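J.: Take a look at this one; I'll ask things after.
The values are calculated or read from the model by the stated rules, or taken from the named source; none is laboratory data. All values derive from a computational prediction rather than experimental measurement. Note: ideal-geometry Cβ built from the backbone for every residue, glycine included; neighbour counts use all protein chains shown. Accessible surface is based on the protein model in full, side chains and every heavy atom, while ligands, DNA and RNA are left aside. Shrake-Rupley method; radii C 1.70, N 1.55, O 1.52, S 1.80 Å.
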Amino acid sequence: QVQLVESGGGLVQAGGSLNLSCTASGSFSSYAMGWFRQAPGKEREFVAVPSWSGGSTYYADSVKGRFTISRDNAKNTAYLQMNSLKPEDTGVYYCAADLVIARVRRGAPSYWGQGTQVTVSS
């Protein structure tokens with residue numbers, strides 16, 4: 001079992017930045033990690049997921065060039081650096097993990113974090 005805990009959300013003005021963290025309860029170096037978000041009244045959508053090979057990251061067009069994921073396996077933590085935030089980035093952000101890349105890519109991972117709220121004011 002892996003437990004994921006997100007942090008770093010909050011209220012920020014448009015154009016600002018936030019850095020979300022996702023810390024795993026155990027060693028997660030073997031896990032593929034992804035980030036998703038859910039805006040009010042909308043379905044959850046992917047933000048960043050690993051490529052099929054796991055060697056790179058695939059970003060949603062809406063965040064490409066503004067968001068960057070990284071991970072520190074020594075700290076069992078993944079990050080989502082969000083720059084140039086826009087009001088449409090508002091939502092609950094979730095990290096996801098699975099040993100199988102395909103499950104993360106299709107939004108059906110074995111493990112989800114509890115979510116962290118990001119609100120971007122105009």
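J.: Please enumerate the residues belonging to the range 35-68 that are closer than 18 Å to Val100 by Cβ and open to solvent by 30 Å² or more (accessible area, probe 1.4 Å).
T.: Residues satisfying the conditions are Phe46, Trp52, Ser53, Gly54, Gly55, Ser56, Thr57, Tyr58.
J.: Residue by residue through the range 11-34, note down the ones that are closer than 16 Å to Pro87 by Cα and exposed (fewer than 13 other Cβ atoms within 10 Å of the Cβ).
T.: Leu11, Gln13, Gly15, Ser17 - these are the residues of the range 11-34 that are closer than 16 Å to Pro87 by Cα and exposed (fewer than 13 other Cβ atoms within 10 Å of the Cβ).
J.: Sticking with this structure for a sec: Given the structure, is Tyr79 in contact (Cβ under 8 Å) with a residue 12 or more places away in the chain, open to solvent by 80 Å² or more (accessible area, probe 1.4 Å) and not aliphatic (A, V, I, L, M)?
T.: Criteria not met by Tyr79.
J.: Where in the range 8-122 are the strands (runs of 3 or more DSSP E), entirely inside, with at least 2 residues that are under 11 Å from the mean Cα position of the chain (by Cα) and not aromatic (Phe, Trp, Tyr)?
T.: 18-24, 32-38, 45-50, 67-72, 77-82, 91-98
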